[in-house]
Amino acid sequence: MNKSNRPSSSSSSSCSNGLETNRDQGGGRERVEAAPATRLRLRLTAAAESIVRGGHPWIFADSVREQNRDGVPGELAVIFDRNDKFLAVGFFDPESPIRVRVLHVGKPLTIDTAFWRTRLDAAVRHRDGLFDEQTTGYRIINGESDGWPGLVLDRYNTTLVMKIYAAAWLGRLKEIVDLMRERLQPGRIVLRLSRNLEQHALPRRDGELLFGNQDYEGNESPVVFQENGLRFEADVLRGQKTGFFLDQRENRRIVGTLAKGRTVLNAFSFSGGFSLYAARGGAKSVTDLDISAHALESAKRNFDLNQGDAGVAQCRHESIQADAFEWVAGNAARKFDLIVLDPPSLAKRESERAGAIRAYGKLVADGMTHLSPGGILVACSCSAHVSAEEFFGAVRQSAAQSGRKFTELQTTRHAADHHATFKEADYLKGIYLRSL
Ligand code: SAH
């Protein structure tokens, strides 16, 4: 999960790897059952073969045992098993340690527009009935877990934000965007590129298709959408992720139910998501704490957007711009009845795992020094490299060593629109403790 600040810096020159140039455009058909002699064919180690059979969507470079020729980024690679039978097909990327992102395992089939239409409809069906008109911001496609490796699609009201994490999509954008227009009929589609792809130039503007991460003419204002009846702005062009942390919706809702009459500290508050729910839920006061002035300003605007709600209108709202790790480690005199700790990812790579676990433990221990008797502490982690058990373990250990008594109210994981079907996609965890 990328929670770093990422002001855009990509070039605004015209299309070099974009819409019209790629060989996969046009018909969008790639027949894999009648693979031409030059079709890229791979064989894997026995271990990787069974991992792929088991449904894991990534094939790492060191699992490729045989390859008939060099492949180009984004082309389809067909994987054959040790009996020379079709095993899987996926996007090939010679520049990534994830050499193949698997699209399909089992019987040969054609990867064409109809294939993607079926996948899109399946993703939409998966969310069917999860949200009513009170919630117009949610994830429609969650990458690999929805069969769309390296692509996420978020809805914010009538705007769709598509964020690309894999180069293979760059040559297929027109096909996919046309499909999204056909099936979802958005008012506007914004395209975002992950940092590793930002060097790829894309068109500035193509009809309704607005490309993020770049200068563009037109609608600069953030999109306003609803989440459980609360109104929020999302900076869909430049904001972190696709403009909002949609993944925390369920934890925000729970915090709203716990907030009545409490003084609340929302550490790593971003645009005030947890704060708005707490305010609506009857919190006496809410303190946003974030290092980013931009995020704190956005939170203020979100409070303004919800003044029609009596709870929000009555709640005292304060902002503190500071490094939250430092602030929480000091200032122990300030007490709160409800504390939310939702830091950015503390382990971007496996080597940072042990340090991250220690950092979570310290953050929670420091947070507890601010908690009034009877107070509730909510701690979240979005580090994929730290498992749920490791994170919960660190929090429980800090509670045990605090010299106070805590009861554990609950733990939470991924919301249904952010479901994770494999280990590497499984990042979000939350734990709720009440001090006695
Ligand atoms: N809870 C938020 C999402 C938090 S994202 C929500 O529900 O929307 C993480 C936030 O931590 C970002 O806003 C980022 O600006 C902030 N941040 C990153 N490092 C920080 C630090 N050292 N101190 C305080 N805030 C930090």
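The values are calculated or read from the model by the stated rules, or taken from the named source; none is laboratory data. All of these numbers come straight from a predicted model, not from anything done at the bench. Note: ideal-geometry Cβ built from the backbone for every residue, glycine included; neighbour counts use all protein chains shown. All accessible areas refer to the heavy atoms of the entire protein, side chains included, with ligands and DNA or RNA removed. Shrake-Rupley method; radii C 1.70, N 1.55, O 1.52, S 1.80 Å.
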(message) What number comes out for accessible area per residue over region 245-435 if the probe is 1.4 Å? Units Å², please.
(response) 40
(request) Between ALA122 and GLN185, take the C-beta separation as r, use R0 = 22 Å, and let me know the FRET efficiency to the nearest 0.05. (result) 0.75
(request) Round to a whole angstrom and tell me the spacing of the C-alpha centers of region 218-281 and region 60-80. (result) 42
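Which pairs in the list LYS163/LYS300; LYS85/LYS163; LYS260/LYS300 are over 29 Å apart, alpha-carbon to alpha-carbon?
Working: LYS163/LYS300 27 Å; LYS85/LYS163 34 Å; LYS260/LYS300 21 Å.
Check vs 29 Å cut-off fails for LYS85/LYS163.
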(message) Please give the charge dipole size of region 113-211, origin at the Cα centre, charges +1 on K and R Cβ atoms and -1 on D and E Cβ atoms. Round to the nearest 20 debye.
(response) 240
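In a shell of Cβ-Cβ distance under 10 Å around SER435, excluding SER435 itself, what net charge do Lys and Arg (+1) and Asp and Glu (-1) give?
Details: positive: ARG404, LYS405, ARG434; negative: ASP337.
Every neighbour counted, the sum reads +2.
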(message) Given points 7 Å out from each Cα along the Cα-Cβ axis, report the ARG434 to THR407 separation in nanometres with one decimal.
(response) 0.5
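Summing -39500 (n - 2.57) over the DSSP H runs of n ≥ 4 in the chain and dividing by its residue number, what mean residue ellipticity at 222 nm do you reach, to the nearest 500 deg cm²/dmol? Display every interim value, and only then the final one.
Working: 10 runs with 106 residues, N = 436.
Computed ellipticity for the chain at 222 nm equals -7500 deg cm²/dmol.
Which GluC sites (Glu not before Pro) in region 44-122 sit in a loop by DSSP (not H, G, I, E or B) and have at most 16 other Cβ atoms within 10 Å of their own Cβ?
Details: sites: GLU49, GLU66, GLU75, GLU95; in loops: GLU75, GLU95.
Those that pass, being in a loop and sparsely packed, are GLU95.
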